[in-house]
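J.: Before anything else, here's the structure in question.
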Amino acid sequence: MGASVTSGRRWRWRRWEELSEVERVDLYTRQSLYLILWSFVVFVLVSGTSESASSTGTAVALGGALVTTVLGTRAMRAVFALHPATGPLPRAELVPFLLVAAVYLAAGVAFEDGIQGAVVMVVFANVAWAVGGVPDNRVSAAITVFGAALFGLSVGNPLAAAAGAGVAVFFLFTVRASLWLLDVVTELDQARNAQSALAVAEERLRFSRDVHDVMGRRLSTIAVQSELAATLAERGDERAAARMLEVRGVAHEALREARELARGYRATDLAQELEGARSLLRSAGIEVHLAVDDVPRGWHEAAGWVVREAVTNVLRHSTARSVSLTFESEELRVHNDGVAVGSAGSATGTGLQGIRERLAPLGARLEAGSDGEHGWTVTASLPGSGPLSSRRASQVGA
């Protein structure tokens, strides 16, 4: 808040259309409080000096009110710049103002009742308006007591003291409520900016995950096919050219998917992922068993994520000879019979952790670990018919 007001001093000469929403509220709030104070002082002076027969008293009242209100406005602006902090108080502005207000009050007491009442009201309004913006209960209590004492002593009536306390509370509420509203608007603007930054960060994270999932598998395919083509070429096998054409096709497909990722249009298709996994694993000489026809339609995309990452890990980190992909009892399992000890395909791997984080908001879980001396299984729990049904079930259970 303080930064907002301080920065406002740099844009106060700009046109209204050039200001942001927060700057407009800031400017409107501060200028409204200044205007209310000056309007109140003018009203009190007109009412208190209109029937005065003493030109000296009227001149003192008007001159003193002008100086006091100018200094009061300056002190009020310094307090607003400090808000919402309680200290250190702007003594360079408050001390001269309070001294002048005290002298003005002492001088006004010597004049007739009308001018005396106007002076009391002017001093009290300036003090309450200028210092009331300090968010400290002790300051609020001091201003309330000051108002009660000032009104009570000037009129000599207990009811006047109560009225003074009531006016003090009203002034404090007006100033505090205005500054509170400005704080709310500023915090909402900061929250909106933070939300925008978070949305950008989430989109970057989504994009990085998709790049990891898609390009990792494609590059693994290219590596496997290239190695096979190189082996065939060394033997003089004519199939090497066909394998290299497949590598080229995979490279073009990877380029197409990268473009779709950049545009944000790509969606994961389980059938394509399964077919790609079957083709890739068989190209690497790994036997594949598929039994995933019962995966609910609502879980197809999430299941595609799991299949893609699990198959990529099999190619990168395992010595598997066979891989099975099955879905039973609301669990998708990707099992291979040969994970290298200490491989990067551990349960805490970056890729698996990313899939786990993507599944959690959908109500799904992912587990991975060794199920024997050489076996490794990635298990995804996909409850219900899809993410929506799993959320409803969790809400009912809660």
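What follows draws every value from the coordinates through simple rules; no lab data is involved. What you are looking at is a predicted structure, and each value in this text was computed from that prediction instead of being measured. Methodologically, a virtual Cβ is constructed for each residue, glycine included, from the backbone with ideal geometry; neighbour enumeration extends over all protein chains shown.
J.: Given charges of +1 on the Cβ of Lys and Arg and -1 on the Cβ of Asp and Glu, with all other atoms neutral, how large is the dipole of segment 2-195 about its Cα centre, in debye to the nearest 20?
T.: Dipole about the Cα centre, nearest 20: 440 debye.
J.: For segment 106-205, with only Lys/Arg (+1) and Asp/Glu (-1) charged at the beta-carbon, what is the dipole magnitude about the Cα centre, in debye rounded to 20?
T.: 140
J.: Once the piece of chain linking residue 197 and residue 239 is laid out straight, how much longer is it, given 0.36 nm per residue of separation minus the C-alpha distance between them?
T.: Difference between extended and current length: 9.9 nm.
J.: Which value, in debye to the nearest 20, describes the size of the charge dipole of segment 221-332 about its Cα centre when Lys and Arg Cβ atoms bear +1, Asp and Glu Cβ atoms bear -1, and nothing else is charged?
T.: For segment 221-332, the charge dipole is close to 500 debye.
J.: Counting residues in segment 35-172 as N, plug N into 2.2 N^0.38 Å and put the Cα Rg over that result.
T.: The reported ratio for this selection is 1.01.
J.: Which Cα, out of 154, 66, 115, lies furthest along the positive dipole direction of segment 2-195 (beta carbon charges, K/R +1, D/E -1)?
T.: It is 66, whose Cα lies furthest towards the positive end.
J.: Next question. If amide H atoms are built 1.01 Å from N in the plane of the peptide, which residues on other chains or at least 5 residues away come under 5 Å of the amide H of residue 288?
T.: Counting only residues 5 or more places away or on other chains, the set is 323.
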